[in-house]
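Before any comments, here is the structure.
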Amino acid sequence: MKKWMIILGSCLTVILASLVIVFFVARQPLSDQLNRAEEIASSEFGVTVEESYHFNGSEVYSIVKGTDPEGEQLLVFIPENDELEIETRQLNEGIEEDEVLSMLNAEDEPAKILSSKIGFESVGPVWEIVYKDQEDTLNYYYVKFDDGEWWRTIRNL
């Protein structure tokens, strides 16, 4: 019986270690892309990186948020597709998150906000608010970052 326990414990340990390795190997390209984006933002725009994340819209972008040499908050939108241009915006030049959430609350009754972040779409920088409504369905609400104009809503996913 003791032999079976040792064999079973060894098998479980190997399986668990394999799953951890697969997870980290699968995440490596995403980490490499963010590291590349942070390096571009730092070297080309002098940004001191505070946050970076991926945005999957009509194109995939790495978004880097940080402080430029003048002390201003800067957003750098770096496309995964090298044929597209890198875009930048100062954070204080766009609509604030609180205003977007107020717009959403006026239009719908979100039960729970799951995330809010700035991304880049065909119309330029956008706020993406992901939320669940009263019927517990997933919804996406997009507002243009530059002028605060509603862009689109995707409902009932």
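Listing for the model above:
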| item | result |
| --- | --- |
| Complete set of residues in the range 36-56 that are surrounded by 15 or more Cβ atoms within 10 Å (Cβ to Cβ) and either in contact with a Cys (Cβ under 7 Å, 6 or more places away or on another chain) or not in a strand (DSSP E or B) (or both) | 37, 38, 40, 41, 42, 45, 47 |
| Lone unmet requirement of (1) more than 18 Å from the chain's Cα centre (by Cα); (2) surrounded by 13 or more Cβ atoms within 10 Å (Cβ to Cβ) for residue 102 | (2) |
| Residue check, residue 89 among the basic types (Lys, Arg), touching a Gly at 6+ places or on another chain (Cβ under 9 Å) and not assigned by TED's automatic domain parsing to the domain that holds residue 144 | yes |
| From 129, 154, residue being in contact with a helix residue (DSSP H, G or I) (Cβ under 6 Å, 6 or more places away or on another chain) and either free of Cβ contacts under 8 Å to residues at least 40 places away in the same chain or crowded, with 16+ Cβ neighbours inside 10 Å (or both) | 129 |
| Qualifying positions in the range 1-45 - of a type in the set (Val, Ile, Thr) and touching a strand residue (DSSP E or B) at 6+ places or on another chain (Cβ under 9 Å) | 40 |
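The values are calculated or read from the model by the stated rules, or taken from the named source; none is laboratory data. If you're wondering where the values come from, they're calculated on a predicted model, not measured in any experiment. Cβ sites come from the backbone with ideal geometry, for glycine too, and all protein chains shown count toward neighbours.
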